[in-house]
């Protein structure tokens, strides 16, 4: 009798578990079916959009932001919070070949004041104002801001056409393909807020023009290239101020025997608006081995002014990093001179660390020791604590 | 005062979780209609954005997992030579700099399985324990 009661008790205790596991199995099966259906519908929807080149697909909005606290040892500087970047990316895949990309950057939290109306001289199409100008010079009134802080800047705005893996085409404004930091420069993904000093000085930050780029596989070596023609430095988006077009080429090769190693070179030529001919050359290398990362760039520009003697701008840096768990720790030596024949050497030694809360959110601490050869400028040290977020993908 | 039972339970669970991590077996999968010869090196190059099309010039749909998933850590360490977080950061960096030629699609493991099964141009990887008897997929490699 006792055995029968015990068996009954056991059966009653197990029954809810068995019933529950049956329910769970049913639910799981239903969930799987629903996921399969949902996935099927989604895939078909995407394929249908691509097949008909539908432009009604959603535009993706992403971006990044960073804020810093800066302590600078120079006279007349105060520790300050710096709300540096809020950038918004608008991206859209237009069909399977065409895509759009733009970046609107709000730098230093821009704020604009009231509008003032002022009178200026319209210089006419010849660009010469006043007495020497043409007959259509005339006074006109325009609106201007009487106060502005920060800036709003269209950093990138381009259309891409992907033809083959080895040849895609881009037209619009894009980051000048030069070395590493010119492209990989976003605060959530670079080691320091301060960039190496020669970046953006030897090769321009952005370029307005057209580009062909791609990757070619040659017996397990992957060679990437970016070749472009553009208006060149110092020109607005609507007019090239000189007849010469700038052109440039960046080549990179991924080495097969040291995986995650890329070396490359950059070439650039432009006739600047002051009449100087600028020819620049660069080398870059990046190596990631286990938790160690080494990155280096060298760049030299020969400037041939319309009058006066030639001179070189030159810069390079060597940076080493160690990644462990969520942390990065690194050192950088950085050199730049705007004229190799003048006393204008700028040397920066940097120690930095960062903690990655996620792959898209990090906190950085960096200390820079800057030595300036020019006696008119004092040496200084700068410490920056920052938080950087990559928003969306 | 913890009982002997409790004293033993914690190390046992720890040991089990560590052994589970150490033994994460990852299956690299493509659609069953895919007949292309693919090497492990090719898989790495696909996930590094170096190879973006199959031999027939069709674009590869590359499925990836969230960086917190253990299978991604195993996959990234073995084939990409870096941790899952670094690999995810590289992909994010390619997107933000507009240099990604073939952006990856991030999905949970079960959805990677379903997506690869229903998409002839897909490649993905999942913890092998999720494979089950799913039809429509072909396992290229197991890594651990």
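Structure notes:
- Within the range A:100-189, strands (runs of 3 or more DSSP E) holding 1 or more residues that are away from chain B (no Cβ under 14 Å), surrounded by fewer than 17 Cβ atoms within 10 Å (Cβ to Cβ) and modelled with pLDDT under 95: A:115-122, A:138-145, A:148-164
- The residues in the range B:122-133 that are touching a strand residue (DSSP E or B) at 6+ places or on another chain (Cβ under 9 Å) and either facing chain A (nearest Cβ under 10 Å) or within 16 Å of residue A:36 (Cβ to Cβ) (or both) can be counted, and the count is 5.
- Taking helices (runs of 4 or more DSSP H) as the structural unit, those lying wholly within the range B:18-99 and holding at least 1 residues that are within 10 Å of chain A (Cβ to nearest Cβ) correspond to B:40-47, B:84-96.
- Scanning the range A:357-364 turns up no residue that is modelled with pLDDT under 95 and over 30 Å from residue B:87 (Cα atoms).
Matching residues to (1) over 30 Å from residue A:211 (Cβ atoms); (2) modelled with pLDDT under 95:
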| site | (1), (2) |
| --- | --- |
| B:50 | no, yes |
| B:57 | no, yes |
| B:61 | no, no |
| B:83 | yes, yes |
| B:92 | no, yes |
| B:106 | no, yes |
| B:115 | yes, yes |
| B:126 | yes, no |
| B:134 | yes, yes |
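- Residue A:221 within 12 Å of another protein chain (Cβ to nearest Cβ) and either surrounded by 20 or more Cβ atoms within 10 Å (Cβ to Cβ) or out of contact with any strand residue (DSSP E or B) (no Cβ under 7 Å at 6 or more places or on another chain) (or both): no
- Residue ID - nearest to the other protein chains (Cβ to nearest Cβ), chosen from residues in the range A:68-84 that are at pLDDT 95 or above and surrounded by 18 or more Cβ atoms within 10 Å (Cβ to Cβ): A:68
- Subset of the range A:331-363 (residues that are within 18 Å of residue A:181 (Cβ to Cβ) and within 14 Å of chain B (Cβ to nearest Cβ)): A:354, A:362
- Residues that are within 15 Å of the chain's Cα centre (by Cα) and within 14 Å of another protein chain (Cβ to nearest Cβ) within the range A:200-218 comprise A:205, A:206, A:207, listed in sequence order.
- Restricting attention to the range A:277-301, the residues that are within 26 Å of residue A:240 (Cβ to Cβ) and buried (at least 17 other Cβ atoms within 10 Å of the Cβ) total 6.
- Top-ranked residue of the range A:256-276 - restricted to ones that are within 14 Å of another protein chain (Cβ to nearest Cβ) and surrounded by 15 or more Cβ atoms within 10 Å (Cβ to Cβ), ranked as modelled with the lowest pLDDT: A:259
- Evaluation of residue A:252 against (1) surrounded by 16 or more Cβ atoms within 10 Å (Cβ to Cβ); (2) modelled with pLDDT under 95; (3) under 24 Å from residue A:174 (Cβ atoms) (one fails), failing number: (2)
- Breaking point among (1) surrounded by 19 or more Cβ atoms within 10 Å (Cβ to Cβ); (2) within 10 Å of chain B (Cβ to nearest Cβ); (3) farther than 25 Å from residue A:88 by Cβ, for residue A:246: (2)
Residue-by-condition table, conditions (1) surrounded by fewer than 20 Cβ atoms within 10 Å (Cβ to Cβ); (2) over 22 Å from residue B:23 (Cα atoms):
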{"position": "B:47", "(1), (2)": "no, yes"}
{"position": "B:59", "(1), (2)": "yes, yes"}
{"position": "B:64", "(1), (2)": "no, no"}
{"position": "B:84", "(1), (2)": "no, no"}
{"position": "B:90", "(1), (2)": "no, yes"}
{"position": "B:124", "(1), (2)": "no, no"}
{"position": "B:128", "(1), (2)": "yes, no"}
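The values are calculated or read from the model by the stated rules, or taken from the named source; none is laboratory data. Please read all numbers here as calculations on a predicted model, not as lab measurements. Don't worry about glycine lacking a Cβ; one is built from the backbone with ideal geometry, like all the others, and counts go over all protein chains shown.
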